[in-house]
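A short write-up of the structure that comes next.
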Amino acid sequence: MTKFCFLLLIIFSSQVLGLEKPTAPETITGVEIVSAEQAVAMILSTPQLVILDTRKKEEYEKGHIEKARSMPDVDMQSDSFSSQFPDKNIPILLYCNGINCLRSSNAAKKCLQWGYSRLYWFRGGWQEWMNKALPVSYR
Amino acid sequence: MIKIEKLSIKQLTIGVIVLFGLSSIVISFFASTYFLNSALKYQYHSFARVIQIGSQESVSQLRATLLKVASNLASNRSLTKLMSSALEKKNQMAMKGILDDTLQNGFVGVAQINLVAIRLFTTELKPITKSQLDAIPMNGGQTSEQWLPNELPKIIQLKAANRNPVEQLKAIFDFWRFKGRPYYSVMLPIGGFNVKGYMELVVDPVFNLRRLANILHMPIKILSHKEETLFQSGISSETLINMHPIEYELQSSLYETIVKIIAYTDAESLKKELIEAQAYTSMFFLGLTLFSLLIALWIFNRYLFEPLSKMVSQIKLITQGNLQTNVAPFGLKEFSLLATNFNIMTAQLHERTKILDHLSKNDALTGIANRRYFQETFEREFYRARRNGQPLGLLVLDIDYFKKYNDSYGHQQGDICLQNVAQAISQVLVRPSDFVARYGGEEFVIVLPDTAKEGVFHIGEQIRTDVLALKLNHQASSVCKFVTVSIGGRVFCQNNYNNPDDFLKSADDLLYMAKSKNRNRVIVENMQSLENPLTKQNIAVSC
């Protein structure tokens, strides 16, 4: 009984203190969610599209969407990013591992905060890309 | 044919219980057989499901590995560059070189795939070139060159047709078959988003599916759609004959049978186990049934049959006339109730029988025995005396001029007179064996067992004097002013009479003689009364 109460206390306190594992959001206001097919269509139709692979560098090297730049969310800095992409209206497509991955949503939030307005979030990420057997680039 | 009506409750109950027991055993046997078959069926069904999942998992792994290898090769920079001018002969040779170079094609160290061919196609899906096929070993020592056509398999062509630009970027996977052999292909674009052509990798799926034997821990056989054995795990065909086959068909997207995977389970040992379980269950059920039957029989015997049997034997005693027998109230509630009520009923019956017996044997007016009872007693005593060689005295008594008494004093007074005389006679008879009865009207009879002539006369005389001593006025009598009696008596001795009637008639004759000799006298054999009789108190009573 004591153990049970202790367990309950731990669960309750972790809920209150927000210790539970953070989950990726389903939507981000101001960011458009796109599927793999929509992403491909955008890639084919929009030459100026910036594709950001927010996964770890090692993951990127094992295969990524062609023309995607490796940009882990934690490495994104306002100044360097702004200098790389001075046009705030440039379309940016972000992705990471999949729907449970937080990196792309974090990156999208950062971009949104920095004033980028044309943000596309490929929420299904690498997992959806591979499931649909779309082309993989190793370069 | 047994007639149920002729059975006892015990026999019927035992019969019904045994019938129930047998039915239960038969039902349990059939039920367990049904469950055994169901268990086997579901076991096979679950095996089939396991094989299905295992096969799908193998295919899924093959797909993932193949996609990885194919994507790597498709993004080969040299190959992509050569594909720009794919129709040039020298480029085709160079491309063939890349496809055959295991270092470049990426198949170095990929042991999970048995590659059959790598083929290149234009964007219109026209063949460009293919890998050196004879470098790839096949089953039976043949080379795939002898097997594969140059064109893309139909199923891939069908899937590739009429795709939009986005869909064209997706790799296509499927099974197909050619000349009885199964193949698995992946076709994907070369050149990334800027498609320059297509590459197809053809693999032998049997190579991957044969690992199912290790995954399932069951011997397997892989057959082509024409039932030719493509693979058989290391177990002899003779052994497989005794095992239960479970079949799963791997199909292409067009529902063509690509291979049949047959996994073999040791059905006999499984069946044996289940039959053992069935035997144990049946035995347990049989034991339980027998135990329940024995318990039921004991309960029935203790609380139903035994009380019933005792009750029947006690009722038999009662029917034999022993109305004082009580039925012991034990057993079930209803039996106690029945016994109690039965006892009340027999008590009432006993009481009423006693009353009826008394009424049937005794004279209602005087309270002494009646003529019927006299006949019975007299005959019994007569034959007993004859049997034992003992004397038997008999007195026949008549109240003198009783008709006149009735006429003078009325019938009511006459009844009182009869009652007084009867009482007087009874008082004289002190031995329990002596017996008096009202023979009819004013006539009485007295039976005196084991009494000699003198005794009989003495008692007769005693009665006569005691009646006289009652001093019941009888003005109409010409003998005496009081009521008097005449008595005739005989003694049965040494078989002097043949039957009770002769004996009675003889005594009656002496009564007649006493009456004819002026009444108020006793005549027993050759003895007769004196003129002035004395009472018990030795007081002379004068008429």
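The values are calculated or read from the model by the stated rules, or taken from the named source; none is laboratory data. Remember, predicted model here, so these are calculated numbers, not experimental data. Neighbour counts run over all protein chains shown; Cβ positions are idealised from the backbone, glycine included.
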Q: Could you list all residues from the range B:49-66 that are within 13 Å of another protein chain (Cβ to nearest Cβ) and crowded, with 20+ Cβ neighbours inside 10 Å?
A: B:L66
Q. What are the residues in the range B:81-92 that are away from chain A (no Cβ under 14 Å) and touching a residue at least 12 places away in the same chain (Cβ under 8 Å), if any?
A. B:L82, B:S84, B:A86, B:L87, B:Q92
Q: State the number of residues belonging to the range A:27-56 that are over 14 Å from the mean Cα position of the chain (by Cα), outside any helix (DSSP H, G or I), closer than 13 Å to A:R118 by Cβ and not β-branched (V, I, T).
A: 3
(Q) Taking the criterion of being among the charged types (D, E, K, R), touching a helix residue (DSSP H, G or I) at 6+ places or on another chain (Cβ under 9 Å), exposed (fewer than 14 other Cβ atoms within 10 Å of the Cβ) and farther than 20 Å from B:S529 by Cα, would at least one residue in the range B:360-372 satisfy it? (A) yes
Q: Residues that are touching a residue at least 12 places away in the same chain (Cβ under 8 Å) and farther than 19 Å from B:E376 by Cα: find the strands (runs of 3 or more DSSP E) completely inside the range B:398-504 holding 2 or more of those.
A: B:485-492
Q | Single match in B:E151, B:E145 (criterion: of a type in the set (D, E, K, R), modelled with pLDDT under 65 and under 22 Å from B:K179 (Cα atoms)) | A | B:E145
(Q) Against the condition surrounded by 11 or more Cβ atoms within 10 Å (Cβ to Cβ) and in contact (Cβ under 8 Å) with a residue 60 or more places away in the chain, how does B:E247 come out, does it pass? (A) yes
Q. Could you count how many residues in the range B:159-208 are outside any strand (DSSP E or B) and either within 13 Å of chain A (Cβ to nearest Cβ) or in contact (Cβ under 8 Å) with a residue 24 or more places away in the chain (or both)?
A. 24
**Q.** Residue that is within 14 Å of chain A (Cβ to nearest Cβ), part of a helix (DSSP H, G or I), more than 22 Å from A:A133 (Cβ to Cβ) and of a type in the set (G, A, S), where the choices are B:S78, B:S46
**A.** B:S78
Q: Working only within the range B:387-397, note down all residues that are more than 22 Å from B:I523 (Cβ to Cβ) and either surrounded by 20 or more Cβ atoms within 10 Å (Cβ to Cβ) or free of Cβ contacts under 8 Å to residues at least 60 places away in the same chain (or both).
A: B:R387, B:N388
Q: Test each condition in (1) modelled with pLDDT of 80 or more; (2) touching a strand residue (DSSP E or B) at 6+ places or on another chain (Cβ under 8 Å) for B:A86 and report the one that comes out false.
A: (1)
(Q) So, in the range A:54-72, exactly how many residues are in contact (Cβ under 8 Å) with a residue 60 or more places away in the chain and more than 13 Å from chain B (Cβ to nearest Cβ)? (A) 2
Q) Out of (1) under 15 Å from B:Q390 (Cβ atoms); (2) buried (at least 17 other Cβ atoms within 10 Å of the Cβ), the odd one out for B:L468 is which? A) (1)
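Just checking, which of A:S70, A:S45, A:S83 is closer than 23 Å to A:P25 by Cα, small (G, A, S) and out of contact with any Gly (no Cβ under 6 Å at 6 or more places or on another chain)?
One residue alone meets the criteria, A:S70.
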Q: State whether one or more residues within the range B:2-15 are exposed (fewer than 12 other Cβ atoms within 10 Å of the Cβ), of a type outside the set (K, R) and not in a helix (DSSP H, G or I).
A: yes
Q. Of all the helices (runs of 4 or more DSSP H) wholly in the range A:57-139, which have at least 1 residues that are more than 15 Å from the chain's Cα centre (by Cα) and under 19 Å from A:E37 (Cβ atoms)?
A. A:125-131
Q: Enumerate the pairs (first residue in the range A:124-139 and facing chain B (nearest Cβ under 7 Å) and within 16 Å of B:N194 (Cβ to Cβ); second residue anywhere and part of a loop (DSSP other than H, G, I, E, B) and among the acidic types (D, E)) with beta-carbon separation below 6 Å, excluding pairs fewer than 6 apart on the same chain, so at least 6 apart or on different chains.
A: A:S137/A:E66
